[in-house]
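Asks: Supplied in structure tokens, the structure appears directly below.
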Amino acid sequence: MVHAELQAAVNDGVFPGAVLAVRLRGQAPCIAAAGRLSLDSTSPPAEVSTLYDLASLTKPLVTVTSILLLVQQAKLQLDDPIEGPLPELSGSVVGQSSIKDLLTHSSGLPGWRPLYERLYEKTEAKGRSPDCIEPAAARSAVLDLIRNEPLIYAKGARSLYSDLGFILLGILVERVAGVRLDEWYRSAVTDPLGDVPLLFAPLTRLDRHGGPSIKNAAGIAPTEYDTWRQRLLRGEVHDENAAALGGITSHAGLFGTAEGVLAVSGAWLSAYHGKDTIFSPDLVRRFVARQTNIPQSSWALGWDTPTKPSSSGRYFSECSFGHLGYTGTSLWVDPIRKLEVVILSNRVHPTRRNEKIREFRPRMHDLIMREFALSEEG
């Protein structure tokens, strides 16, 4: 039933192809693939090994996980103001926000701004390829831009999902860790979990025309033709702000397989239940609990929790946690039933205007819950 629903979604144009992974109680996961990597009839089929642009799944898998580890190592405290590790923000309103404020999207920062356009004008990249901004210069410039961004509501008054806040968190992680985000993530997370297939910028070589070499891109799902970069994106991050920051960022930029996502979610779930992982069980439970002090917010510390209606459908328990990715990805974990569900797709191919996935996600999660969990509960 689940694979048939996945194939029906391909036929209905929800996405060109997708990979679905379901794991119940730590057993061997059920992984299904359907469709192709693109709409081209000669495109390779989607496979369980296909790398997808995970988009905002980067936030919980990389940034939230990194902050948890740094708190665990006593290198950070959640109530610390971010101007400590980021002195460029000293004296600003946003600099007084705590790490917790940014994790709960309650700092007052706007959700999104076209920083890539401003970075292009602000740095020496002007007049060259629009994504050829030197990464260190880009980070310095983006700190200045966000520092000067007016808050749109009082801190703690509400939650507004903000990429800008998570961009700051990523630079903060790099400052505290002392290395670039991808290097830290590999040494602190993916290597300890067993060489997990999660990585930034899977294609790093550029051809002589300035575009990415596609020689090794056969197993990477393309996203969209980007009019800013003037090419079809494949193996380079879809998000423009992430691209302007070199593709290695904390709000988007991670690529991976369904099994790679399960490796990290499984470590969170195991720690939630007090089992030995690289994460502290007490901290994990704190991070995935909905924050009740923010009016009308569904956010935990960087993780979302189910609302009504929810992309997780009708049956996930209230203590479930998860996140969505703009490119067509999602992760939901029900710790009561010990159920993990990963959906990876490139629904933005060929265009981001395709929003059929909004109806597909809750329908698929309901079907999975009925087929895998509720049937056993009687």
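Nothing in this text is a laboratory measurement; each read-out follows from the coordinates by a stated rule. Here the structure is a predicted model, which means the values were calculated and not measured.
Asks: With viscosity set to 0.692 mPa s and temperature to 37 °C, compute the Stokes-Einstein D of region 1-97, Rh being the Kirkwood radius across alpha carbon pairs; µm²/s, no decimals.
Replies: Value of D from the Cα-based Kirkwood radius: 191 µm²/s.
Asks: Counting pairs of alpha carbon atoms under 8 Å apart in space and at least six apart in sequence, what relative contact order in percent does the chain give?
Replies: The value is 24 percent.
Asks: Please compute the contact order of region 8-91 in relative form: average sequence separation of alpha-carbon pairs under 8 Å and at least six residues apart, divided by the residue count, as a percent.
Replies: Averaging sequence separation for qualifying contacts and normalising by length gives 16 percent for region 8-91.
Asks: Quickly estimate the mean residue ellipticity at 222 nm for the chain, helices only: each DSSP H run with n ≥ 4 gives -39500 (n - 2.57), and the total goes over all residues, rounded to 500.
Replies: Computed mean residue ellipticity for the chain: -8000 deg cm²/dmol.
Asks: Could you work out Rg/(2.2 N^0.38 Å) for the chain, with Rg from alpha carbons only?
Replies: Dividing the Cα Rg of the chain by 2.2 N^0.38 Å gives 0.95.
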